[in-house]
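The values are calculated or read from the model by the stated rules, or taken from the named source; none is laboratory data. Fair warning: this is a prediction, and the values are worked out from it, not measured in the lab. Neighbour counts run over all protein chains shown; Cβ positions are idealised from the backbone, glycine included. We work out accessible area using only protein heavy atoms, side chains counted, and drop any ligands, DNA or RNA first. Shrake-Rupley method; radii C 1.70, N 1.55, O 1.52, S 1.80 Å.
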Amino acid sequence: VTCTRHQGDMHHSRQLGKWGPTHGSRLSLPRLQKNGAQVSVHSPRRRSSSNNNISSISGESETLTETEQLSTAISQSPAFVAQVLSSIRKVDAKEWDTLAAAACGGTTTNPFISHAFLAALEDSGSACAAEGWTPCHILLRGRGTPDSEDDAPHVLVGACTLYIKDHSFGEYVYDQSWASLAEMLGQKYYPKLQCCVPFSPVTGPRLLVGDQAQRVQVQRALGVALIKVAEQTGVSGVHISFLTAEEAAVLEDLGFLTRAGIQYHFENTMGPADTTTDQPTEQLAGQPNSVAQPPEEDAVGFRTFEHFLAALKQSKRKAIRQERKTVAALGLRIRRLTGDELRQEGDAIWHSFHAMHTDTVDRMWGTAYLKPEFFTQLGRTMADQVLLVIAEEYSPETGQWTMVAGSLNLMGSDCIWGRNWGCAPGRHFRFLHFELCYYQALEEAFERGLPRVEAGAQGEHKLQRGYLPNLIYSAHHLCDPMLKHAVSSFLVREKAKVVLTLQAITMESSPFKKERTLDALEERVAAMRSANIDSLSSTLDSVEDYMLAQEADFK
């Protein structure tokens, strides 16, 4: 396995360790220095071979060779070339997006792993070294056949986004207690490596693979590479957040610790068909748009908001209707903007939204991580995948509608992801947050025939509005054996409690009628089973026994 490292203007000082006993090369990563924390890894010795320099996307790079043991662990087939890039801009956008689309199976899209989204994070200064997010993304390229004389990297076969972190903010998988434990053990927890999409608690592929026939092989290659990077750079470990269940199982097999958490998602996969369709009209708050086009005849799930309400318990249905009536009585105009309509609003609407979002976060004692340039760039480059839901108030004095609140969502081919919310400073509109962030997202999903809506991290209040608990996963490699043992013991207990909590919340607090609630729990347990995560097996056994008892009682 051969690794390359872009040179550019990165600073190098001392060398840290060898990759193995049979090769004298070393890994090179950017120096990170902020608030006293630093990682220094340096350029390898140049080999006398004429193949020292490998042409790359954005300039020269130096060649590094891992140990034969690592090469065997990763692959018995044609070798890979690994590159560490200091910016997503150093990989061609089309090449990256082709890989990302393949990683999603080729039939679905996830905007959060697109080149445009990641570039907006870096270009805006939201995810950069100054903010404690130093990019060091890893690419895997094929080298052709093992006998090929051509030593230049070929097609991109795998990649992962990676950052050197000197804090744990903006990750949404909370490990600050682990950092405290490391300090008590006399260890430095920061800096660490984080494989994720910054500030985005959204499940999706983290180990991107192009050729799905080699999916597990390349995923393992990336996992082993991440372990080696962590061990050879002197960081405390590497953490992969919001990865898929399949990726979690692959990494667990490599020795990563897996962690489970709970998010609340709406899944529109059950329910009889409803063919009600009308022409769309301008919408007032609480008066949902009708379906613009008839859904497919063989589709399943809810087709309208009223159809969704019919599946709820009477008390929950009544509460949601009352909330929407309250919002409607405010006299606000609600619009869902995307595509050309959103582009026509220009940067001004994003400046307003950022100001509202920042003020709202400040009032909640939080931290607004995203810079204003991120939102404007998102509007320019990804308008077709952005859904901005806004509420406007009419001013008789000016005769104009003025934006007073907004909710930012991103859309893929099978999901709407709710991300950020903001309300005008000094203003409060009862239930408007629920209307813009949850009910309007459901309306859009029904119209588009999308089977899923995810409304971000935390928020048990989402449960009463049709968003049921789902497991999310992260994987962790800790270099210090003592810290790893302590965290491993904790995660065994935590995972059991998380799964049992999911069971209890679903059965006791679901707004749906009991038959649908049982069906939803069965779907989630089946998904957990199919993931083949060994550390969940014993807990799932007890959940399945519980479901059998509940089904017998229901019948």
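See the values below:
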quantity	calculated
Ranked order, THR134, THR358 - accessible area, probe 1.4 Å, largest first	THR358, THR134
Inter-site label distance for GLN212 and LYS318 at 7 Å from Cα along Cβ, in nm	4.8
Cα-projected label distance for ALA526 with LYS94, points at 7 Å along beta-carbon direction, nm	4.1
GLU183 paired with THR107, simple spin-label distance in nm, labels 7 Å along Cα-to-beta-carbon	4.9
Packing-based order for 167-173, 193-199, 484-490, 215-221, using average beta carbon neighbours within 10 Å, highest first	193-199, 215-221, 167-173, 484-490
Computed FRET value (nearest 0.05) for ASP414 with ILE262, which takes r as the C-beta separation and R₀ as 22 Å	0.55
For ILE533, solvent-accessible area (1.4 Å; no DNA, RNA or ligand), Å²	10
